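Below is one structure; the comments refer to it alone.
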Amino acid sequence: MIPCLKSRRDSMSVEALGDADGVLVVDETGFVKKGDQSVGVARQYSGTAGRIENCQIGVFLAYASRFGQALIDRRLYLPQAWAADAARRARAQVPEEIAFATKIEIARELIAAALDAGAPCRWVLADALYGGDYRLRSMLEARRQPYVLAVRSNHHLRFIAQEGLIETDPKTIAEDLPTDAWTTLAAGEGAKGLRLYAWAAIRLPWTTDEGFERWLLIRRSRKEPEKLAYYLVFAPEGTALAELAGAAGLRWAVEECFERAKDDLGLDHCEARSWHGWHRHMSLVMAAAAFLAKLAADLRRAAWSKPNETSPKAPIAA
C-alpha cells in the first residue's frame, strides 16, 4: 500500500468532483486468474464473469456527482481459507493485522472512512449484497446519512400496524399495489436518452430520527412489468419521489468507473502476486483515473461558467 499516494488520489477526486448532491457507491469487481498463487485468488462468484470463477475480488468505493465519477478507495477481499493459511499469507506478504473480513464488512469500513474524511455526500448507494446488511444501514442512520440501498425481493420486513405485527417482503408489497400507485420517472440519462421506469414508494412505519423517513422504493420496467427492483431508503422528510428515483439510478456510476478503469487504464491487468503489489497497482490506476476525472470536471466547470452566447442576427434581406 502507498499511503501518501492513496491520500492524494482521494483528495484529488473529491476536490474535483465534490458536490453537496454527490453520492458514494460501493461495489465489488472480479479479476479472473489462472493460477493459485496470487493473493486472495480462489474459486468464488464473480459478478464480472457472471459465474463462479478462479479469481480475486476487490471491494471498491466510488464517488459521483454532476461533475463526473471516480473510484476513491479499494481493498482486496481475502477469503477465509487464505486468512487462516499462515504459509500462503507469508508468501503473499499479507500483513499480520489483516484478518478475515466479509465484503460487507469491508464496504462498511470504506464508507465510514470516506464520510469521516468529509466527502460531501447526499446519498450512499449499493446493490442488494450490501443493502441487505442491517449493520450498514444502522451505521448510516446513526450518522444521519441518507441512503438508497437495493434489497432482494424476499428481504424480510417486519413492522407494527393497526392490525398487529406484519411480516412481509418487498415482492409481496409490490404485488398488492394499486395501478395508481405507480409514477413514471427517470433514473438518469442512458445511451439512448432518459432511462424511464415506473416507480412507487411506501413509507415504512419504523421509528426513525426526527427529520427523517424510511421508505420502500420499488422500480418496475415499463417494457417488462414483471421485472422489479427494490430499495430501502432513509431520507430527509419531504424528499420527492423523483429525487429517490434519480439517486437509485446513480448506482451505475460505479460500473462506469470499472469499465473505464479496466478498458483504458489496466485495472484488471495486475500481475503482482503479493498483497502490497495488488494494492499498489490499484492505487496507481485509480490515481491516473482521478487525474483524468479532474481534467473532465475542470472542463465542465469552465463550460458551465461561460455566459450563454446568442447567435448573430440574420441580415435583413434588401
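Quick one: putting +1 on the C-beta of Lys and Arg, -1 on the C-beta of Asp and Glu, what dipole do you get for segment 73-140 around its Cα centre, in Debye to the nearest 20?
Details: 10 positive and 9 negative charges, 30 e Å.
So the dipole magnitude of segment 73-140 works out to roughly 140 debye.
Here the chain has 52 percent of its accessible surface on carbon and sulfur atoms, given a 1.4 Å probe and all protein chains in place.
Annotation for segment 70-99 versus segment 269-283: alpha-carbon center distance of 12 Å.
Tell me which label goes with the value of Rg and Dmax of the Cα atoms in Å computed from the coordinates here: [x] 26.4, 95; [y] 19.7, 62; [z] 22.0, 91. Given [x] 26.4, 95; [y] 19.7, 62; [z] 22.0, 91, the structure-derived one carries the label [z].
Annotation for GLU226 and ARG43: the two label points, set 7 Å from Cα along the Cα-Cβ direction, are 3.3 nm apart.
Can you give the helix-only mean residue ellipticity at 222 nm for the chain, where every DSSP H stretch with n ≥ 4 adds -39500 (n - 2.57) and the sum goes over all residues, rounded to the nearest 500 deg cm²/dmol? Don't skip to the end; give the middle numbers.
Values: 10 runs with 111 residues, N = 318.
Rounded to the nearest 500, it is -10500 deg cm²/dmol.
Of the residues ASP268, ASP19, ASP176, the one that moves most in a GNM of the chain with alpha-carbon contacts below 10 Å is ASP176.
Restricting everything to alpha-carbon atoms, can you work out Rg to Rh for segment 89-159 with a Kirkwood hydrodynamic radius? Let's see the in-between values first.
Details: Rg = 14.9 Å, Rh = 13.9 Å.
Using only Cα positions, Rg/Rh for segment 89-159 is 1.07.
Contact order normalised by length for segment 101-162, with contacts defined as Cα pairs under 8 Å and 6 or more residues apart; what percent is it? Intermediate values should be presented prior to the final figure.
Details: 46 pairs, mean separation 20.8, N = 62.
It rounds to 33 percent for segment 101-162.
Summing charges over all other residues whose Cβ lies under 14 Å from the Cβ of THR184, with Lys and Arg as +1 and Asp and Glu as -1, gives +4.
Stretching PHE159 away from GLU105 to a fully extended chain increases their span by 16.8 nm, per 0.36 nm per residue minus the current alpha-carbon distance. With a 1.4 Å probe rolled over the protein heavy atoms of all chains, the accessible area of LYS171, LYS192, LYS33 falls in the order LYS192, LYS171, LYS33, largest first.
For segment 97-103, 3J(HN,Hα) computed residue by residue from phi via the Karplus equation (6.51, -1.76, 1.60; θ = phi - 60°) reads 6, 7, 10, 4, 9, 5, 4 Hz, glycine and proline entered as x. For segment 1-111, the orientation-averaged shadow of the C-alpha convex hull comes to 7.8 nm² (one quarter of the hull surface). Ellipsoid semi-axes for segment 163-281, based on the Cα gyration tensor and the rule √(5λ), read 35, 20, 14 Å when sorted largest first.
Counted residue by residue at 0.36 nm each, then reduced by the alpha carbon distance between them, the extension gain from GLU189 to ASP264 reaches 24.8 nm.
The values are calculated or read from the model by the stated rules, or taken from the named source; none is laboratory data. Bear in mind the structure is a predicted one, so any value in this text is a computation, not a measurement. No Cβ is skipped: glycine too gets one built from the backbone with ideal geometry, and neighbour counts run over all protein chains shown. Note: accessible area is taken over every heavy atom of the protein model, side chains too, but ligands, DNA and RNA are not part of it. Shrake-Rupley method; radii C 1.70, N 1.55, O 1.52, S 1.80 Å.
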